[in-house]
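Single-structure report; data block below.
Only the coordinates and a few stated rules stand behind these numbers; no lab work does. Just so you know, these numbers come straight off a predicted model, no measurement behind them. Because the Cβ atoms are built from the backbone with ideal geometry, glycine has one as well, and the counts that use them run over all protein chains shown.
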Amino acid sequence: MYYRVRIADTIRIPPNRFGDDLDAAVTELVQKTFEGTMRKQHGVIVVVDNITPQGDGIVIHGDGAMYQKVAFDALTFKPDLQEVIDGVVCEIVEFGAFCHIGPLDALVHMSQIMNDYVEVDTDNEIITGKEKKQILKNGDAVRARVVAVSLNELSARESKIGLTMRQPALGSYEWIYAPKDEEKKEDGKKDKGKKEEKKGKK
């Protein structure tokens, strides 16, 4: 999911930054160049830190800018196949639900939402199970398993990530942590016992 990695790369320092403090310029340009970008090896670079220039910069004839090698620590987000992940439903569509997982969005196809036939109401952004009457709505916290990953290096937002919630202990937090039928019966018996005990004392 989240990883801390050390990355080496090169940045372009334009001529109008030559009079600036080099460390400040390098830090700003590394943040602007790499934060929010995607690399298939590492995933999305969320934030960079501990930036250090490597050696002297090179000025290329006809360009005028300086190319500087740099190394930096990066906090990255990369969903792995079969990983169990937490997210938040951000959009209900005809074919399923999109969820925010870290800095990316993932799709739970309608066939992977629950072990039930579902009805999708896109106007009210609600998905309802026909038999169990379980509800999934916009803003719900969910737990899902990653079943498909296709990362797009050119545009992180165009990456395609598929999730499933059709396994034990997955789904909306409301389903996961809802009392089971047996627990409800036990609670009912306890309440009934307490009421009878109070009656007996009277």
- line: Per principal axis, largest first, the Cα atoms of the stretch 2-77 extend in Å by 39, 23, 20
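For every helix of n ≥ 4 consecutive DSSP H residues, a contribution of -39,500 (n - 2.57) applies; sum these over the chain, divide by its total residues, and give [θ] at 222 nm rounded to the nearest 500 deg cm²/dmol. Intermediate values should be presented prior to the final figure.
Values: 3 runs with 38 residues, N = 202.
After summing the helix terms and dividing by residue count, I get -6000 deg cm²/dmol.
Give me the net charge for the shell around residue 121: Cβ to Cβ below 11 angstrom, other residues only, Lys and Arg +1, Asp and Glu -1. Kindly include the intermediate steps, with their values, before the conclusion.
Working: positive: 137; negative: 94, 119, 123, 125.
Every neighbour counted, the sum reads -3.
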message: For a quick check, take a GNM of the chain with Cα springs below 10 Å and name the residue from 66, 165, 110 with the largest mean-square fluctuation.
response: 66
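Where nothing but the Cβ of Lys and Arg (+1) and of Asp and Glu (-1) is charged, how large is the charge dipole of the stretch 60-105 around its Cα centre, in debye to the nearest 20? Please report the intermediate quantities before stating the final value.
Values: 2 positive and 8 negative charges, 60 e Å.
Computed about the Cα centre, the dipole is about 280 debye.
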In Å, descending, principal axis extents of the Cα set of the stretch 84-176: 42, 29, 19
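What does the charge count near residue 59 come to, summing +1 for each Lys or Arg and -1 for each Asp or Glu among other residues with Cβ under 15 Å from its Cβ? Before the final figure, lay out the partial values.
Values: positive: 12, 17, 69; negative: 56, 63.
Charge balance in the 15 Å sphere: +1.
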- request: Calculate I(q)/I(0) for the stretch 53-128 by the Debye formula, one identical point scatterer on each C-alpha and no solvent, and give its log10 at q = 0.28 Å⁻¹ to two decimals.
  value: -1.27
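Given a Förster distance of 30 Å, report the FRET efficiency between residue 130 and residue 167 from their Cβ-Cβ distance, rounded to the nearest 0.05. Spell out each step's value before the answer.
On the way: r = 20 Å, r/R0 = 0.66.
E between residue 130 and residue 167, to the nearest 0.05, is 0.90.
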- prompt: Roughly how many Å is it from the Cα centre of the stretch 1-63 to that of the stretch 127-146, as a whole number?
  reply: 41 Å
task: With 10 Å bins from zero, work out the P(r) of the stretch 1-152 over every alpha carbon pair and list the percent per bin.
output: 10, 30, 22, 16, 13, 7, 2, 0
field: GNM flexibility winner over the chain from 30, 44, 89 (Cα, springs under 10 Å)
entry: 30
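What's the exposure ranking of 77, 72, going from fewest to most Cβ atoms within 10 Å? Before the final figure, lay out each step's value.
Numbers: 77 18, 72 21.
Ordered from fewest to most neighbouring Cβ atoms within 10 Å, 77, 72 come out as 77, 72.
Nearest 5 is fine: what % of DSSP beta bridges in the chain come out antiparallel, could you say?
Numbers: 53 of 55 bridges.
Just about 95 percent of them are antiparallel.
Grab the beta carbon distance between residue 177 and residue 75, set R0 = 35 Å, and tell me the FRET efficiency rounded to 0.05. Kindly include the intermediate steps, with their values, before the conclusion.
Details: r = 30 Å, r/R0 = 0.85.
Here the calculated transfer efficiency is 0.75.
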